[in-house]
Amino acid sequence: MANLLTGVCVMFFNASTNFVTRIVLIILSASVYHGFVIAEMLINNSNLWYPPCLSKLNTKLQRFLYNFVNIYFAIVAKKTVMMPWCLRRFLRFLVSLLAIIVVPISWLVNKRRKGTCPPPTNPLLFKSATTLTKMIRNKQLKSEQLLSAYIERCKEVNRYLNAIVEPRYDLALRDARLIDKMLAAYTGSTEALAEKYPLLGLPITVKESIAVEGMSNDSGTDCDFRNPAKKDAEIIKLAKAAGAIPIAVTNTPQLCMNWETYNNVTGLTLNPYNLKCTAGGSSGGEAALISSAASIMGVGSDIAGSLRLPAMFTGIYGHKPSPKLLSIEGHVPDSLDPDFEQYFALGPITRYAEDLPLLLKVLKQPSSPEIPFDKPIDFRKIKFYYMTGEGSDVTDRIGSEVQKAMEKAKSYIRHTYNVEVEELKIKNIEHMWEISIRVLFKIDHVRNIYTDPERREFWISTWPEVVKKLLGFSRHNLTCVLYGPVKKFLDALPSGYYKKLLAMFEEIKTDFQKALSENAVLFYPTYPNPAHVHYKIFYKFLNCGYLTIFNALGLPVTACPLGLTDHGLPVGMQIVSGRHNDHLTVAVAKEFEKAFGGWVPPNTSIETVQKYKNIDYVAFNVKDNNNSNVCRNINNNLQ
């Protein structure tokens, strides 16, 4: 008995020593790393005070320090980067400590933010793009009338939401009048018109990072002079050729590097359902404008959930397409890395699920594979899976509102089509958070604030900007400043370990590919909770692993709203399928729109919704408190 007790004590001592040692190494490596931040800043700028004769000595010293750093990181990395559950929890704990600072500041900042986004009242604002373009082609509605309604709505809500960077109202109305004149003289068939101009006369909004000729394209960067886009991005050319009319470019965080939409030029974009809450990022301006009924459809971008998170937080639809389905030409930032397009995508954002295929068919590249968006789907022959996360211990578990929404979706499939939604289990999925972060940061030559303007493949010195930010003199946002040091740190980690991660990644991709075959979809949380208060993302950003996983895997995903919570905030989930099975995720989103009502206008009574949307829902119960909270739930027999 005594020997057993001694053995247990020794085992506990060894495990505790190993655990404490790793924690110390994590803290020590962070401290040493920041010490070398200052050292590199001094060395890189030492030519301001040392004579030319010391240049060789400086070069040798610099090489020695870099070699020392690489060796040190190699030693530390072996102890820290292969994170067991305890260290992953410790990482989450360190990040969560920021809440001590962020929560009170966020409370003070939002204390005076009162009022609500006014509800839409014009009946035209409740119709889908599919319906509106038919009305225009049939000469039941003039394009100028439609654009005037949306421009008026933009002016009404933007003073509450701060979502628009630059309007294009006068030019848009001119384009609408030209379309109306063309239609007045047109005597051909509406079918031929629909085939040639499927978006005829429709207004569209565009994320500022996507080029619209003559409009702001600085992607939230504080520049010395205005630099409007010289030409349209490829997808904007296609949209215009199909008859769409851009009316505004919308707000984005600087260089799209945040899950909260604010920058030093336009400021902070607010959520139309609760002005104290975030609209998400980086396509937050686009999502806020669309969900407030100030835009019928738009386009955003996605490399780490930038399109899907705002869609969930604002209760609308967003689709991250399969890689290379849509051209990414004309986006800021871009990258010289040929693999960039495997992880980064442009995609549509709409209020109505039926408008997703309409927009995707227009925007897809001619050279991309054909996706059968019009093919009828028999849901009884679809394999349905669900997951509640990757179980990494870095991300938070999903909350009750998200859990309830996913259960509602699963119950609908089970009771309506007699198909079970099975839990999908993937080996080593708990490492996917780290894998996706490493894979995305491994993309080289992404344009950022450190990019040398003369030679895109090189960086200027990183650390002066870091020090300027610490002193409050930087004109750049925090996430853009931190991108440089974080990438340098990750690049300094041993390549051998990264190769092990890649080998594991290939196995995970193969398992997903087998599971999400030709007729299979996966229900996956978008984020653990509905929209949070502004700036809380700074200690909740680890939860974006729910989104980055599918950028790394290169799978098509549709963000689908599933109603409102009891607090009146949108909630939804991601619908995922195999590569080039975009039509399956969109079809399921359309099915859920019919079942649960889809987009719920902010601060609008259910009577107004029924009157103008004219949609017959499968079933819903209504909770309407002072015309500000409309919640839809499936009937009790589907719970």
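Of all residues in segment 310-350, those being hydrophobic (A, V, I, L, M, F, W, C) and touching a Leu at 6+ places or on another chain (Cβ under 6 Å) number 3. Kindly indicate the residue of segment 405-421 that is open to solvent by 70 Å² or more (accessible area, probe 1.4 Å) and free of Cβ contacts under 8 Å to residues at least 40 places away in the same chain and also farthest from W433 (Cα to Cα) among those meeting that condition. Once the filter is applied, the top-ranked residue is N418. Right, N251: within 21 Å of Y150 (Cα to Cα), in contact with a Phe, Trp or Tyr (Cβ under 7 Å, 6 or more places away or on another chain) and in contact (Cβ under 8 Å) with a residue 40 or more places away in the chain or not? No; evaluated as a whole, the condition is false for this residue. Counting only helices (runs of 4 or more DSSP H) that sit completely within segment 473-588, those holding 1 or more residues that are under 22 Å from V419 (Cα atoms), open to solvent by 20 Å² or more (accessible area, probe 1.4 Å) and of a type outside the set (D, E, K, R) correspond to 495-515. Listed by first and then second residue, the pairs linking a residue in segment 366-385 that is polar (S, T, N, Q) to a residue that is open to solvent by less than 30 Å² (accessible area, probe 1.4 Å) and part of a loop (DSSP other than H, G, I, E, B), with Cβ atoms under 6 Å apart and 6 or more places separating them unless they lie on different chains, are S368/L325. Look at (1) surrounded by 16 or more Cβ atoms within 10 Å (Cβ to Cβ); (2) on the phi > 0 side of the Ramachandran plot and you find that T205 fails only one, number (2).
The set of residues in segment 73-90 being assigned to a helix (DSSP H, G or I), in contact with a helix residue (DSSP H, G or I) (Cβ under 9 Å, 6 or more places away or on another chain) and either modelled with pLDDT of 80 or more or open to solvent by 50 Å² or more (accessible area, probe 1.4 Å) (or both) consists of I75, K78, K79, W85.
When segment 354-397 is limited to residues that are open to solvent by less than 30 Å² (accessible area, probe 1.4 Å) and among the charged types (D, E, K, R), the one that is farthest from H532 (Cα to Cα) turns out to be K364.
Screening Y150 against (1) touching a residue at least 60 places away in the same chain (Cβ under 8 Å); (2) farther than 17 Å from A288 by Cα leaves a single unmet condition, (2). Taken over segment 391-415, the residue count meeting the criterion of being within 25 Å of N428 (Cα to Cα) and touching a Pro at 6+ places or on another chain (Cβ under 8 Å) is 7. If I filter segment 193-212 for residues that are closer than 20 Å to Y273 by Cα, under 23 Å from the mean Cα position of the chain (by Cα) and not hydroxyl-bearing (S, T, Y), do I get at least one hit? The answer is no; no qualifying residue exists. Tell me, please, whether a residue that is in a strand (DSSP E or B) and either farther than 21 Å from V109 by Cα or not aromatic (F, W, Y) (or both) can be found in segment 237-246. Yes, segment 237-246 contains at least one residue that is in a strand (DSSP E or B) and either farther than 21 Å from V109 by Cα or not aromatic (F, W, Y) (or both).
When segment 91-115 is filtered for residues that are of a type outside the set (D, E, K, R), surrounded by 13 or more Cβ atoms within 10 Å (Cβ to Cβ) and in contact with a strand residue (DSSP E or B) (Cβ under 7 Å, 6 or more places away or on another chain), the ones remaining, listed by number, are S106, N110. Among what's in segment 607-625 and is open to solvent by 10 Å² or more (accessible area, probe 1.4 Å) and β-branched (V, I, T), pick the residue that is modelled with the lowest pLDDT. Taking the candidates together, the pick is V622. Of all residues in segment 117-148, those satisfying the criterion of being within 15 Å of R177 (Cβ to Cβ) and not in a loop (DSSP other than H, G, I, E, B) are I136, S143, E144, Q145, L146, L147, S148.
Checking each residue of segment 532-551 against the condition of being within 26 Å of P119 (Cβ to Cβ), in contact with a Pro (Cβ under 7 Å, 6 or more places away or on another chain) and at pLDDT 90 or above gives no match.
The values are calculated or read from the model by the stated rules, or taken from the named source; none is laboratory data. Since the structure is predicted, the reported quantities are computational estimates derived from the model, not experimental observations. All Cβ positions, glycine included, derive from the backbone under ideal geometry; neighbour counts span all protein chains shown. Ligands, DNA and RNA are excluded from the accessible area calculation, which covers all protein heavy atoms including side chains. Shrake-Rupley method; radii C 1.70, N 1.55, O 1.52, S 1.80 Å.
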